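Everything on this sheet refers to the single structure shown next.
The values are calculated or read from the model by the stated rules, or taken from the named source; none is laboratory data. Please read all numbers here as calculations on a predicted model, not as lab measurements. Cβ sites come from the backbone with ideal geometry, for glycine too, and all protein chains shown count toward neighbours. Side chains are part of the model used for accessible areas, which takes the heavy atoms of the whole protein and leaves out ligands, DNA and RNA. Shrake-Rupley method; radii C 1.70, N 1.55, O 1.52, S 1.80 Å.
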Amino acid sequence: MFGCVRRRLTTAATRVAALTAAERSEHVALLESRGWRHEKGPAQEALAKQFRFSDFGAAFGFMARVAVAAERDGHHPEWANVYATVDVRLTTHDAGNALSMKDVRLATQMDEYAAALLGGGGGTLMFSLGVGAPHAGGRLAFAVGDADSPALPATPFVLVRRGEALFCIEAVCPHSGGPLANGLVEDIEDVLVCPWHHFRFSLRSGACFDDPLHAARTLDAALGKHGHVTLQDRSRPNLFLVDGSLSHVASPGPVTTLSSHVSPTNDSLLLLPNIGDGRVWSLVDWSIRVLNEPDPSLKVQLTQHIWHLWNNDPGQIPDIGHGSPPNEPARDNSVQKVAHNRTRRIKKGSGLTSRLAILHSLASIEQWAIDLAFDIIARFSTVKAASSTPLPRAFFHDFLKVANDEAKHYSYLVARLEAFGSYFGALPIHGALWESAERTSGDLLARLAVVH
């Protein structure tokens, strides 16, 4: 009861405009031709449709994709699911229970998602690049509109060429809105990495390996004669190239160039290597570099970079090395740090405030976990095993993998915080996890038992 009253109070000042007579005539007629029913009653107007899929998995996948789009637009359907059938009803309460452009947009997106799952005729968009085919590794950006859905904005795409292969994928990351067009392409796989949160997208299918709900749209691309490119979308037959939208995109450098853009946090630390100093770094050198990095985002990038070098270019990290790690990892001064007994008790997550507190706390734990993995590498690099032999390379590999996994987890949590309109650093953090590391700094077995 109280929730309903609150909703009315908060939405009264932000009512949504109902469709005009001209808009209703244009958009509703088009939706009716696609199987939507226009229901008109004395107290409510709505659009309704039943979607039938091959099985429950397909129906659930459809609902999951629609849920993301609905949440993004702040407009939610009334629907019911029975096995492979999904019944949908759309209306806008904030428009006086009438239809609005929110209903038109969501209905159109539902048709697109259903067509992609069910398969469809599809059409072909053919156009000349004009500026010539992109060179190997080159990229072209452009926007594509849909004549059947004039209410929807054009979709930006980027054309990526790898050798003789040509790929076309959304230019904007569907997870964070980041510049996917400027992302790095992995050396071995046809995967594009968003530069914001490092989510990985298949250039072939658009599938997101880090979150299946955030798949990117792709077009089938083929390079023809005379620099012509043929693009096909199997779910939308009447696409067109938006005039004046074609442009070159600067290709980012390879992943291994990250180190040339990273500077040490404190040149006065003699044990902190200076990137670009002309020598090859040991694993301990890299570990100390991460531990002295206060920026959590850069700490994540460095971790991923080290993992890449370790697995793909062993010559860049030829040995384990040795050195003295800092007593405590660096932290951004803008993030308030308090004693663990001074933090507020987190509730169960029933409200937005407690959910943000949980996400922020978990993100802080993941940041400490990254540092703990690198600290054990650096602090115990010279420890001998029971047979008085050095610790095996596999030991360091395992903890480097732990650090890389924790970096991914941190990125996921921060992305979720930002989706809720918050950010890491909005709340205080504590270092209780690191206190356990300090108490076990002189004993590897104790560190493994207590911390890891």
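Approximating the spin labels as points 7 Å out from Cα along Cα→Cβ, the residue 67-to-residue 333 distance works out to 4.4 nm.
Ignoring ligands, DNA and RNA, please state the percent of accessible area on region 288-337 from carbon and sulfur, probe 1.4 Å.
Values: 910 of 2220 Å².
Roughly 41 percent, rounded to a whole number.
Within the assembled protein chains, the solvent-accessible surface assigned to residue 414 is about 20 Å², based on a 1.4 Å probe.
A simple spin-label model places pseudo-atoms 7 Å from Cα toward Cβ; at residue 393 and residue 352 they are separated by 5.1 nm. Paramagnetic label reach from residue 85 (point 7 Å along Cα→Cβ; backbone nitrogen cut-off under 16 Å): within region 33-49, residues 37, 48-49. For residue 408, the accessible area of its heavy atoms, probed at 1.4 Å with every protein chain present, is near 80 square angstrom. Remark: for residue pairs 337/401; 49/102; 299/401; 299/384, the C-alpha separation exceeds 23 Å in 337/401; 299/384. Computed from the Cβ-Cβ distance with R0 of 25 Å, the FRET efficiency linking residue 436 to residue 297 stands at 0.50.
Accessible area of residue 399 (1.4 Å probe, protein heavy atoms only, ligands and nucleic acids ignored): about 30 Å². Shown for region 296-420 is the translational diffusion coefficient from the Stokes-Einstein equation, using the Kirkwood radius over Cα pairs, a temperature of 4 °C and a viscosity of 1.567 mPa s: 78 µm²/s.
When only the heavy atoms of the protein chains count and the probe is 1.4 Å, how do 161, 15 rank by accessible area, highest first?
The residues order as 15, 161, largest area first.
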